[in-house]
Amino acid sequence: MTGIPRTLLSARVGAVMTRVLDVRSGFRTATSVASHADVVAGIAATAAALYLSFRFATEAGPLWRDEVSTINLASQPRFTDLLRLLSIDSMPALYPALLRLWQSVGWVEQDSALRFFGFLVALATVAAVWLSARALGVAVPILALTLFDLHGVVLQTAGSVKPYGVGAILLCLVFGGMWKVGSTPGSAALIWTSASAMLAVNTLYQNLPVIGAFCLAAAGARAGCRDWRGAGRVSIVGLATVASLVPYGSVIAASQDWRPLIRADNLVTDLAMRLANIFSDWSHPLLVVWAVAGAVALVGAFRAIRSGLQHDGGRLLYAVLVVIGAPVAFIAFFKAAARNVEPWHVASLIGVTALALDVVLVRTMTLRSVRFGLAVAAAAIVLPISWSWVGVRQTNVDLLATFVRATAQDGDAIIINPWFLGITFNRYYDGHVPWLTVPPIQDVRIHRYDLVKEQMKNADVMMPVYRRMQTALKTGHRVWLVGGAQFLPADQTPEILPPAPAAPTGWQHPPYYRAWSTGIGRFVETHARRLDVARIEVGQPVWKTEGAILMVADGWRGP
């Protein structure tokens, strides 16, 4: 058998090695190009997020009722007073304590100082995304930066004086830290992540089920790698997190007395649809981006997991389980709590889901290319939407309060409808003419659903309001309706509901609000000679959640 000449063999080996080196060089070049593109996109998205956060801080204007309620809770004379009032609110003590510390600096212009505080929180959300991504092995989290930090709901939530921005920051840190706890022996990651998780649930109760999903995902990933000690370390974080909420047991139990007023028996499908709408900012193209990212991530992860879990320490499996488990845990919590899902509730979930997709889609060059394309598409879709979000004034009740203070005279009646507008009105009205809420609520510093519940039991709850309006109109004075009233066709009679819970709707408060508001509308239609809407210029769009109207009635007709 004739052997191959050495010169020919050397030439062939050299050719093969040249091809291999060319392929490796090409891969390194492609990887380098992709990395540079990611860095440029990440810096651009970060800069855009910072600018949009600054615009919100400077254009959001005065505080709306949820923010005012939070500030008033934090501003109690003594910290023990704050703790006592937690049972009639929906947040743990950490965020009010932070606000209390911030206010102790002695800012001159409180609203501007609080908007600046919100701006700092918004900056911290961007930093939390970068830190968490690094912990998970993602150099540039371009999906999280575009789908989370540029999201209109997130920008408004982080910049508002409410606990949801801080809660989102802490949840993102826990997401990255939980994988570190499972994959890294030692106490540093365990202590850091346990502290972050305890702070997260002491900021928002709703963070607890999501952190539970993190624990299960991390434990499952470690078990898949046959790392039982890592799974045990993860369970320690979960136990410490649950234990930190034990002191709130009595607070949560006491709050059950008024919670039937805000109960919402939503179907799971309704909650899932609500999540999809908020994730996509009510934009069908952005929903497609989320759907494609999720589908590609799941397919890519399935193929990678089939090849084994040891190569990345279970990080891929952890991220995939979080993408699936975190929304499920979130929906289960709101279903069990019988609460409506508001946009600000979802901000933290958007963050961890986008980060998890970053982890999955960064694994191969093909997935990275898809990720980059999705990030660019998301930015193109979300930036115009977010631009409109951050340019909206959060309330106009301060302007109504200023107008009424300058115009109302002794003998006039000022009626705030519904009562919760009184929280904002109380902050910005410093006039001498007394005012009354619908129904009459004595304490409007914070959301007092417990007092509303007592008024729902009262068959004559509206009599003080009608007497105040009648006296004003009969004596030649005016009735100012902050929030207006509801008007029915002439052939319809306003509904008179029996004292709660005798009505078919039980303790649900919206039917009572409608009955009270239509009662006021029929009263002024029947007894006032004139009813006008005051035109108050704002100069920019007002957020629909607290864009109130001001009506004024005068003249008397009738017996």
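The set of residues in region 379-422 that are surrounded by fewer than 21 Cβ atoms within 10 Å (Cβ to Cβ), under 22 Å from the mean Cα position of the chain (by Cα) and of a type in the set (Gly, Ala, Ser) comprises ALA379, SER388, GLY391. Among the criteria (1) on the phi < 0 side of the Ramachandran plot; (2) crowded, with 19+ Cβ neighbours inside 10 Å, the one ASP281 does not fulfil is (1). Only strands (runs of 3 or more DSSP E) whose full extent lies in region 467-559 are considered here, and the ones with at least 1 residues that are in contact with a Gly (Cβ under 8 Å, 6 or more places away or on another chain) are 530-533, 550-554.
Within region 250-292, the only residue that satisfies the criterion of being free of Cβ contacts under 8 Å to residues at least 24 places away in the same chain and acidic (Asp, Glu) is ASP270. Look through region 447-461, keep the residues that are in contact with a helix residue (DSSP H, G or I) (Cβ under 8 Å, 6 or more places away or on another chain) and not in a helix (DSSP H, G or I), and return whichever of them is nearest to ASN72 (Cα to Cα). Out of the qualifying residues, it is HIS447. For region 167-183, taking the residues that are open to solvent by 20 Å² or more (accessible area, probe 1.4 Å) and over 24 Å from the mean Cα position of the chain (by Cα), the one that is nearest to GLY212 (Cα to Cα) is identified as TRP179.
If we scan region 94-105, do we find a residue that is open to solvent by 20 Å² or more (accessible area, probe 1.4 Å), in contact with a His (Cβ under 8 Å, 6 or more places away or on another chain) and closer than 23 Å to ASP450 by Cβ? Checked against the condition, which is being open to solvent by 20 Å² or more (accessible area, probe 1.4 Å), in contact with a His (Cβ under 8 Å, 6 or more places away or on another chain) and closer than 23 Å to ASP450 by Cβ, region 94-105 yields no hits at all. In region 130-179, what residues are among the hydrophobic types (A, V, I, L, M, F, W, C), closer than 25 Å to TRP102 by Cβ and out of contact with any Gly (no Cβ under 9 Å at 6 or more places or on another chain)? If the condition is that a residue be among the hydrophobic types (A, V, I, L, M, F, W, C), closer than 25 Å to TRP102 by Cβ and out of contact with any Gly (no Cβ under 9 Å at 6 or more places or on another chain), then VAL153, LEU155, VAL166, LEU170, LEU173, VAL174 are the ones that fit.
With respect to the conditions (1) within 34 Å of the chain's Cα centre (by Cα); (2) of a type outside the set (A, V, I, L, M); (3) part of a helix (DSSP H, G or I), PRO464 lacks only one, and its number is (1).
Residue-wise test of (1) at pLDDT below 95; (2) touching a helix residue (DSSP H, G or I) at 6+ places or on another chain (Cβ under 7 Å); (3) under 19 Å from VAL397 (Cβ atoms).
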residue	(1), (2), (3)
THR437	no, yes, yes
ARG445	yes, yes, yes
LYS474	no, no, no
VAL482	no, yes, yes
PRO489	yes, no, no
GLN492	yes, no, no
ALA500	yes, yes, no
TRP507	yes, yes, no
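Looking at this structure, is ALA128 closer than 30 Å to GLY314 by Cβ, surrounded by fewer than 22 Cβ atoms within 10 Å (Cβ to Cβ), small (Gly, Ala, Ser) and at pLDDT 90 or above? For ALA128, the condition - closer than 30 Å to GLY314 by Cβ, surrounded by fewer than 22 Cβ atoms within 10 Å (Cβ to Cβ), small (Gly, Ala, Ser) and at pLDDT 90 or above - is not met.
The values are calculated or read from the model by the stated rules, or taken from the named source; none is laboratory data. Given the structure is predicted, the values throughout are model-derived calculations rather than measurements. All Cβ positions, even for glycine, are placed from backbone atoms using ideal geometry, and neighbour counts span all protein chains on display. Surface accessibility is based on the protein's heavy atoms, side chains included, excluding ligands, DNA and RNA. Shrake-Rupley method; radii C 1.70, N 1.55, O 1.52, S 1.80 Å.
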